[in-house]
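J.: One structure coming up, written as structure tokens, with questions to follow.
Please treat every number below as a calculation from the coordinates, not as lab data. The model shown is predicted, which means the values in this text are computed figures rather than measured ones. Quick reminder, even Gly has a Cβ in these numbers, built from the backbone with ideal geometry, and neighbours come from all protein chains shown.
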Amino acid sequence: MTETAVSEKLTTRYTETELICPKCKARWSPVVANFVNFETDPAGREGMLRKAMHHAYCPACKFHVDVDHIFAVYDPDSNTVVQVRPKWEFKAGGGEEIYWKRLETLLLNWADHDVKVDVVFGFDELIEKYLGGEEAVGAAMARAKQERSEGLESGTIVKQLAAARTGSSTA
Ligand SMILES: [Zn+2]
């Protein structure tokens, strides 16, 4: 599949969200993902494996905030669009019932695309079901360590691997 053939709806999109620090009430706008296509954004996938995604630090007092931002990913291996919702929502909102409700909405939203859809609650469930589980997390952490020791930008190794796979690298 060429870049132009990828539906606009399946294109990786990031956005900014408004946060208010629960500790010092400072306001800022960290970048969050709305949609991550694993096929074209291997570094985004890697960030999820490293559990580095949707963490924000207050610019004023450095307080750590878990960003509750609902987003979706596209996994080309299983041809699935997976909506990732906050982990607490499943427990707070009625378990199975909320799952089916979300799935129904998502199905309608993607009815015009030849993709499967699924809903997960939290990064751990996403990793377990679609990213290869703890073994893949370990491999991603090892790559992070290698990148740090070689002074490479985060995500460099998976980008190189992806380029080699698609043949866009002539090396
Ligand atoms: Zn703060």
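J.: Would you confirm whether any residue within region 62-80 is within 16 Å of the ligand (Cβ to nearest atom) and either among the aliphatic types (A, V, I, L, M) or over 30 Å from Thr156 (Cα atoms) (or both)? Show your work before the answer.
T.: Filtering region 62-80 down to residues within 16 Å of the ligand (Cβ to nearest atom) leaves 62-67.
Adding the requirement that they be either among the aliphatic types (A, V, I, L, M) or over 30 Å from Thr156 (Cα atoms) (or both) leaves 65, 67.
Yes; the residues of region 62-80 include at least one that is within 16 Å of the ligand (Cβ to nearest atom) and either among the aliphatic types (A, V, I, L, M) or over 30 Å from Thr156 (Cα atoms) (or both).
J.: Which of the residues that make up region 52-61 are within 16 Å of the ligand (Cβ to nearest atom), surrounded by 18 or more Cβ atoms within 10 Å (Cβ to Cβ) and not aliphatic (A, V, I, L, M)?
T.: Step one: list which residues in region 52-61 are within 16 Å of the ligand (Cβ to nearest atom), which gives 55-61.
Filter again for surrounded by 18 or more Cβ atoms within 10 Å (Cβ to Cβ), leaving 56, 58.
Matches in region 52-61: Cys58 only.
J.: Taking the condition of being under 22 Å from Glu46 (Cβ atoms) and within 17 Å of the chain's Cα centre (by Cα), how many residues in region 89-135 meet it?
T.: Within region 89-135, residues that are under 22 Å from Glu46 (Cβ atoms) and within 17 Å of the chain's Cα centre (by Cα) number 16.
J.: Of everything in region 19-54, what is among the small types (Gly, Ala, Ser) and part of a loop (DSSP other than H, G, I, E, B)? Give them in sequence order. Full working, then the answer.
T.: So the first thing to find is which residues in region 19-54 are among the small types (Gly, Ala, Ser), and the list is 26, 29, 33, 43-44, 47, 52.
Ala26, Ser29, Ala52 - these are the residues of region 19-54 that are among the small types (Gly, Ala, Ser) and part of a loop (DSSP other than H, G, I, E, B).
J.: Kindly indicate the residue of region 32-46 that is closer than 16 Å to Gly122 by Cα and among the β-branched types (Val, Ile, Thr) and also nearest to the ligand (Cβ to nearest atom) among those meeting that condition.
T.: If we take residues in region 32-46 being closer than 16 Å to Gly122 by Cα and among the β-branched types (Val, Ile, Thr), then Val32 is nearest to the ligand (Cβ to nearest atom).
J.: Just checking, which of Leu49, Leu19 is surrounded by 14 or more Cβ atoms within 10 Å (Cβ to Cβ) and within 16 Å of the ligand (Cβ to nearest atom)?
T.: Numbers: Leu49 fails: within 16 Å of the ligand (Cβ to nearest atom).
Of the residues listed, the single one that is surrounded by 14 or more Cβ atoms within 10 Å (Cβ to Cβ) and within 16 Å of the ligand (Cβ to nearest atom) is Leu19.
J.: Now a separate question. Quickly run through region 121-158 and pick out the residues that are among the hydroxyl-bearing types (Ser, Thr, Tyr), surrounded by 15 or more Cβ atoms within 10 Å (Cβ to Cβ) and out of contact with any strand residue (DSSP E or B) (no Cβ under 9 Å at 6 or more places or on another chain). First the steps, then the outcome.
T.: Taking region 121-158 as the starting set, the residues that turn out to be among the hydroxyl-bearing types (Ser, Thr, Tyr) are 130, 149, 154, 156.
Keeping just the survivors that are surrounded by 15 or more Cβ atoms within 10 Å (Cβ to Cβ) gives 130, 154, 156.
Hits for region 121-158 are Ser154, Thr156.
J.: Looking only at region 90-109, which residues are out of contact with any Lys or Arg (no Cβ under 8 Å at 6 or more places or on another chain) and buried (at least 17 other Cβ atoms within 10 Å of the Cβ)?
T.: Those that are out of contact with any Lys or Arg (no Cβ under 8 Å at 6 or more places or on another chain) and buried (at least 17 other Cβ atoms within 10 Å of the Cβ): Phe90, Ile98, Tyr99, Leu106.
J.: I'm trying to understand the selection: among the residues of region 48-75, which are farther than 22 Å from Lys116 by Cα and in contact with an Asp or Glu (Cβ under 9 Å, 6 or more places away or on another chain)?
T.: Lys51, Ala52, His54, His55, Ala56, Asp68
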